[in-house]
Amino acid sequence: MYHVAYVMKFASGNKFLFLHCIIHLDMEKFILDTEVIVLTYNELNSSQLKLIETAFKACENSYSPYSEFSVGSSLEFEDGEIFQANNQENAAYPSGLCAERTLLFYAKANNPHKEIKRMVIAAKNHGKATKQPVSPCGACRQVMLETANRQNSPIELLLAGADKVYMIKDVKTLLPLQFNAESLK
Ligand code: THU
């Protein structure tokens, strides 16, 4: 028997939000947790704030005439260099690309050996910052996972909403039960 269920839980004070993915396989069960830390802007350090500002700024160059949903993403390499990108849409809809993949492919194409320390996602709906932080789509999570697996250190992810930020300490935890290079052996 194979069954998958997702459960959401809020811990005291709304400080932590846990996403549980429960997999039942042949009557056995294991639980995969993703820790998401909910922060307000005054709890962030100056590097985090700068990177969030960069991601919101990147929304302005988004090419999103079809959805009018502009997504900006930014990253900081371990040496402090910052890259930014945004979603690029197309009249042939599937030919467009999300902000996160545009950013990761561009940044790593030009810096294949540099490690990424932190990444931010921010979005504006019809020009207004989304109240809730926006989560990356499945395809972008897969690319973030591959990028994190290429380096020895975790990539911190900040999802920026209008007045709160979700922090995930390692992008890999966003995609439990991963398909990776090991799966091909
Ligand atoms: N989008 C992103 O850029 N990143 C995501 O993680 C989710 C969605 C873009 C794709 C499309 O241009 C627009 O947002 C609406 O889906």
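Quick one: would you say R150 is of a type in the set (K, R) and under 10 Å from the mean Cα position of the chain (by Cα)?
no
Could you check, for the stretch 127-142, whether at least one of its residues is farther than 25 Å from F30 by Cα and over 17 Å from the mean Cα position of the chain (by Cα)?
yes
Can you say whether D33 is assigned to a strand (DSSP E or B) and either within 11 Å of the ligand (Cβ to nearest atom) or surrounded by fewer than 18 Cβ atoms within 10 Å (Cβ to Cβ) (or both), as far as the supplied structure shows?
Against the criterion (assigned to a strand (DSSP E or B) and either within 11 Å of the ligand (Cβ to nearest atom) or surrounded by fewer than 18 Cβ atoms within 10 Å (Cβ to Cβ) (or both)), D33 qualifies.
Which of the residues belonging to the stretch 43-59 are within 14 Å of the ligand (Cβ to nearest atom) and either farther than 23 Å from T147 by Cβ or in contact with an Asp or Glu (Cβ under 6 Å, 6 or more places away or on another chain) (or both)?
Hits for the stretch 43-59: nothing passes.
Name the single residue that is surrounded by the fewest Cβ atoms within 10 Å (Cβ to Cβ) among those in the stretch 49-67 being part of a helix (DSSP H, G or I) and in contact with a Ser or Thr (Cβ under 7 Å, 6 or more places away or on another chain).
T54
Show me the strands (runs of 3 or more DSSP E) entirely contained within the stretch 68-185 in which 2 or more residues are buried (at least 21 other Cβ atoms within 10 Å of the Cβ), within 10 Å of the ligand (Cβ to nearest atom) and modelled with pLDDT of 95 or more.
69-77, 82-86, 116-125
Every residue in the stretch 165-185 that is in contact with a Lys or Arg (Cβ under 9 Å, 6 or more places away or on another chain) and in contact (Cβ under 8 Å) with a residue 40 or more places away in the chain, please.
Correct list: V171, L174.
The values are calculated or read from the model by the stated rules, or taken from the named source; none is laboratory data. Bear in mind that the values here come from a model prediction, so they are computed numbers and not experimental data. Counting neighbours? That spans all protein chains shown, and the Cβs are built from the backbone with ideal geometry, glycine included.
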